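The values are calculated or read from the model by the stated rules, or taken from the named source; none is laboratory data. Quantities reported herein were computed from a predicted structural model and do not represent experimental measurements. Cβ coordinates were reconstructed from backbone atoms using ideal geometry, including for glycine residues, and neighbour counts include every protein chain displayed. Calculation scope for accessible area: heavy atoms of the full protein, side chains included, ligands and nucleic acids excluded. Shrake-Rupley method; radii C 1.70, N 1.55, O 1.52, S 1.80 Å.
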Amino acid sequence: MKLDQDIIDKHNQNLLVKHQERIDFIKNQLPNVESIISKLIDFNVAIPSWALGTGGTRFARFSGAGEPGTLEEKMEDVALLHKLNNSSGAISLHIPWDIPQDHFVIKQLARELNINFDAVNSNTFQDQQDQALSYKFGSLQHVDKAVRKQAIDHNIEVIKHGEALGSKSITVWLSDGSCFPGQLNFRKAFQNTLEGLKEIYSALPSDWKMFVEYKAYEPNFYSMTVGDWGQSLLYANKLGPKAYTLVDLGHHLPNANIEQIVSLLLMEEKLGGFHFNDSKYGDDDLTVGSIKPYQLFLIFNELIEGMDARSMNHASDLGWMIDASHNVKDPLEDLLQSVEAIMISYAQALIVDRKSLSEAQNNNDVVRAQEILQDAFRTDVRSLVAEARLRSGAAIDPLSLYRANEIRMKLVSERGSSRKATGL
Ligand code: LRH
Ligand code: MN
């Protein structure tokens with residue numbers, strides 16, 4: 001579904017007066033508004049191809065209507081999000097859920113839709129119809145060399161799909177592990193996995209990155225073979241300069257200090273990117289910033305501190321991706337909310353008075369340090385995020401435009417209500 005620019009311009013026209021009041025207000029409050037707005041304009045978050053339909057749990061999946069039934073329709077939905085917020089200009093494909101039938105045609109479509117291909121994702125956590133050997137007891141860790149080879153070949157095939165589309169990275173998340181004590185030799189599982197990752201690493205084009213995504217538990221519930229940031233860092237260091245760790249916010253044990261993990265991985269130059277989502281209990285894959293917005297702000301605070309310490313480019317030097325599942329919300333509304341939450345946390349972290357913060361830290365002035373952080377967190381920066389959209393031709397308020405124009409209804413009339421998007 002194409003969204004005409006004049007619909008956005010009319011929407012912005014109606015909201016301009018109120019918006020201008022809010023921008024003028026914050027301009028009087030903050031010193032560096034212009035540089036913040038230009039950073040927000042450059043910032044983009046990739047949308048997962050597997051989160052454009054309704055997600056489910058092992059109990060049930062209540063499918064929504066007007067879902068994208070093909071890769072082309074998924075790309076159109078990402079282009080629609082990007083047209084609305086100018087911050088979602090890339091799609092992250094999951095293979096085999098989104099195998100491009102014709103790379104040239106798909107690449108051409110991406111150009112027409114003004115979107116790019118972010119990291120490609122392999123899948124050795126499910127057995128496909130035509131698959132010879134099962135991943136029931138793991139993939140790269142497997143005791144059977146033939147199963148390990150099957151998984152290595154799949155990852156190399158995924159790199160080839162990505163290369164043909166112009167992607168520059170692969171995310172390897174392994175569901176490998178064990179459910180019971182005694183089931184697995186941890187050392188051999190690690191060494192088999194490292195050996196497999198080395199073969200996949202050697203198939204990477206020179207300008208590619210490999211993201212090693214860790215997860216504390218699920219679908220294995222006693223051990224995971226890439227179970228935490230330390231193990232992922234161990235693999236990335238042993239693999240080489242093109243290998244990095246990937247932080248999925250939902251993949252930690254309860255109360256883990258994710259912002260500290262981020263700070264140290266950045267310091268070690270081994271932080272590759274993120275899968276943003278939110279959670280209250282486990283890997284709930286909820287809307288970003290919907291449960292723990294302060295944690296998201298603290299993570300961006302460490303990101304800015306660490307990236308500026310190394311003069312990194314905020315927009316392009318790390319992989320910014322969402323990884324969420326929408327069980328009860330319209331997937332596109334959920335993704336608009338997630339991108340908004342990320343942009344707000346990024347903007348709040350950009351207004352932190354870093355000079356005063358380091359003074360307070362050097363004076364062990366704990367109260368002052370907290371006041372400085374919370375002053376930024378309690379500043380309403382939504383008008384800055386909206387101004388960045390306005391200046392780049394997007395909508396001041398994407399969600400209200402999406403609803404006011406009944407875009408979901410239009411998608412249903414185009415696609416019908418029985419389409420089911422591939423994914424989780
Ligand atoms: C695993 C994970 C991984 C994806 C999958 C869809 O929980 O976060 O990033 O491959 O979700
Ligand atoms: Mn993930």
Requested in this report: Could you identify the single residue in 166, 182 that is over 30 Å from residue 103 (Cβ atoms), surrounded by fewer than 17 Cβ atoms within 10 Å (Cβ to Cβ) and of a type outside the set (Phe, Trp, Tyr)?
Outcome: 182
Requested in this report: Please work out which residue is surrounded by the most Cβ atoms within 10 Å (Cβ to Cβ), limiting yourself to region 233-262 and to residues that are assigned to a helix (DSSP H, G or I) and touching a strand residue (DSSP E or B) at 6+ places or on another chain (Cβ under 9 Å).
Outcome: 236
Report summary line: Checked region 408-424 for anything crowded, with 21+ Cβ neighbours inside 10 Å and either more than 16 Å from ligand 1 (Cβ to nearest atom) or basic (Lys, Arg) (or both); matches are 411
Query raised in the report: All but one of (1) of a type in the set (D, E, K, R); (2) within 16 Å of ligand 1 (Cβ to nearest atom); (3) in contact (Cβ under 8 Å) with a residue 40 or more places away in the chain hold for residue 305; which doesn't?
Result: (2)
Query raised in the report: Which residues, taken from region 393-404, are farther than 18 Å from residue 341 by Cα and open to solvent by less than 40 Å² (accessible area, probe 1.4 Å)?
Result: 393
Query raised in the report: Has region 118-128 got at least one residue that is closer than 22 Å to residue 225 by Cβ and over 24 Å from the mean Cα position of the chain (by Cα)?
Result: yes
Query raised in the report: Can you tell me how many residues in region 194-204 are open to solvent by less than 20 Å² (accessible area, probe 1.4 Å) and within 24 Å of the chain's Cα centre (by Cα)?
Result: 3
Requested in this report: Report, by residue number, each residue of region 210-230 that is within 16 Å of ligand 2 (Cβ to nearest atom), within 21 Å of the chain's Cα centre (by Cα) and open to solvent by 20 Å² or more (accessible area, probe 1.4 Å).
Outcome: 216, 217, 218, 219, 228, 229
**Report entry** Residue count for region 391-400, restricted to those that are closer than 19 Å to residue 66 by Cα and over 24 Å from the mean Cα position of the chain (by Cα)
**Finding:** 0
Query raised in the report: Among the residues of region 376-392, how many are in a helix (DSSP H, G or I) and open to solvent by 60 Å² or more (accessible area, probe 1.4 Å)?
Result: 2
Report task. Give region 312-343 a look and list any residue that's out of contact with any Asp or Glu (no Cβ under 9 Å at 6 or more places or on another chain), within 16 Å of ligand 2 (Cβ to nearest atom) and acidic (Asp, Glu), or say none. Result -> 334
Report task. Would you confirm whether any residue within region 263-271 is away from ligand 1 (no atom under 12 Å from the Cβ), of a type in the set (Ser, Thr, Tyr) and surrounded by fewer than 16 Cβ atoms within 10 Å (Cβ to Cβ)? Result -> no
Report summary line: Looking across region 171-224 at residues that are touching a strand residue (DSSP E or B) at 6+ places or on another chain (Cβ under 7 Å) and among the basic types (Lys, Arg), the single one that is farthest from residue 322 (Cα to Cα) is 209
Report task. Scan the helices (runs of 4 or more DSSP H) fully inside region 285-366 and keep the ones with 1 or more residues being under 29 Å from residue 54 (Cβ atoms). Result -> 293-309, 331-350
Query raised in the report: Within the set of pairs 6+ apart or on separate chains, which have a first residue in region 34-50 that is over 24 Å from residue 80 (Cβ atoms), a second that is modelled with pLDDT of 95 or more, and C-beta atoms under 7 Å apart?
Result: 36/347; 36/350; 36/351; 36/384; 39/314; 39/350
Report task. Pull up region 125-140, narrow it to residues that are within 15 Å of residue 219 (Cα to Cα), surrounded by 17 or more Cβ atoms within 10 Å (Cβ to Cβ) and of a type outside the set (Phe, Trp, Tyr), then point me to the one that is nearest to ligand 2 (Cβ to nearest atom). Result -> 139
Query - Residues (away from ligand 2 (no atom under 15 Å from the Cβ) and either over 21 Å from residue 173 (Cβ atoms) or surrounded by 15 or more Cβ atoms within 10 Å (Cβ to Cβ) (or both)) located in region 272-286 - result: 280
**Report entry** The listed residue being surrounded by 23 or more Cβ atoms within 10 Å (Cβ to Cβ) and over 25 Å from residue 212 (Cα atoms), out of 53, 69
**Finding:** 53
Report task. Please go through region 347-384 and pick out each residue that is in contact (Cβ under 8 Å) with a residue 24 or more places away in the chain and of a type in the set (A, V, I, L, M, F, W, C). Result -> 347, 349, 350, 351, 352, 373, 376, 377, 381, 384
